[in-house]
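Everything on this sheet refers to the single structure shown next.
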Amino acid sequence: MKADAVRGHLDGLLLAALEEGPLHGYAIIAAVQKRSGGALELRTGTIYPALKQLERLGLLRSSWDSVGERRRRCYELTEAGRRSLAHERTAWREFTTAIGSVLNPAPASPGLAT
C-alpha cells in the first residue's frame, strides 16, 4: 500500500494502536502493521514527530521505561485522547460511507428516471 494512504489518518491509527495500553514506538509500528494484516508499514521518521505532536495536544502522555540497560519512551492515551479516537472513528465511518456511495453506487430502482 502506498505510504500516502495513511496521510490524514495517521493520528487515528496511532491513537487506536494505543487504545489497549501503553506501547513504545516500535511496538506501535508493529501493532499497526499486525492490525492491518501487514498492509500498513509505518516508519519511525513518520511516527515519532506525530507522537510528539499528539503529546503536545494532550492526547497522549509518555514516560520512560527501562528494559535491561535500554531506555525507551512509552506512550499512552489520555482521556482527551480517548475522546479524540472516538471522534476519529466517527469521521472515518462517515468518510468511508461517502466514498463507498460514489465507488459502489446502489443499483437504480426500476421505474426511476435518470
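The values are calculated or read from the model by the stated rules, or taken from the named source; none is laboratory data. Owing to the predicted nature of the structure, the values given are computational and were not obtained by experimental measurement. Cβ sites come from the backbone with ideal geometry, for glycine too, and all protein chains shown count toward neighbours.
Go through the residues of segment 53-62 one by one and say whether even a single one is modelled with pLDDT of 95 or more, acidic (Asp, Glu) and under 22 Å from Arg82 (Cβ atoms). Full working, then the answer.
Going through segment 53-62, the residues modelled with pLDDT of 95 or more turn out to be 53-62.
Among the residues that remain, those that are also acidic (Asp, Glu) are: 55.
So of that shortlist, the ones also under 22 Å from Arg82 (Cβ atoms) come out as 55.
Yes, there is a match, as at least one residue in segment 53-62 is modelled with pLDDT of 95 or more, acidic (Asp, Glu) and under 22 Å from Arg82 (Cβ atoms).
Residues that are in contact with a Leu (Cβ under 7 Å, 6 or more places away or on another chain) and hydroxyl-bearing (Ser, Thr, Tyr): does segment 56-69 have at least one?
To start, the set of residues in segment 56-69 that are in contact with a Leu (Cβ under 7 Å, 6 or more places away or on another chain) comprises 59-60.
From what's left, hydroxyl-bearing (Ser, Thr, Tyr): none.
The answer is no; no qualifying residue exists.
Go through segment 1-52 and give me each residue that's of a type in the set (Asp, Glu), touching a helix residue (DSSP H, G or I) at 6+ places or on another chain (Cβ under 8 Å) and surrounded by fewer than 17 Cβ atoms within 10 Å (Cβ to Cβ). Spell out the reasoning first.
First pass over segment 1-52, keeping only residues of a type in the set (Asp, Glu): 4, 11, 19-20, 41.
Checking the rest, the ones that are also touching a helix residue (DSSP H, G or I) at 6+ places or on another chain (Cβ under 8 Å) come to 11, 19, 41.
Across segment 1-52, the qualifying residues are Glu19, Glu41.
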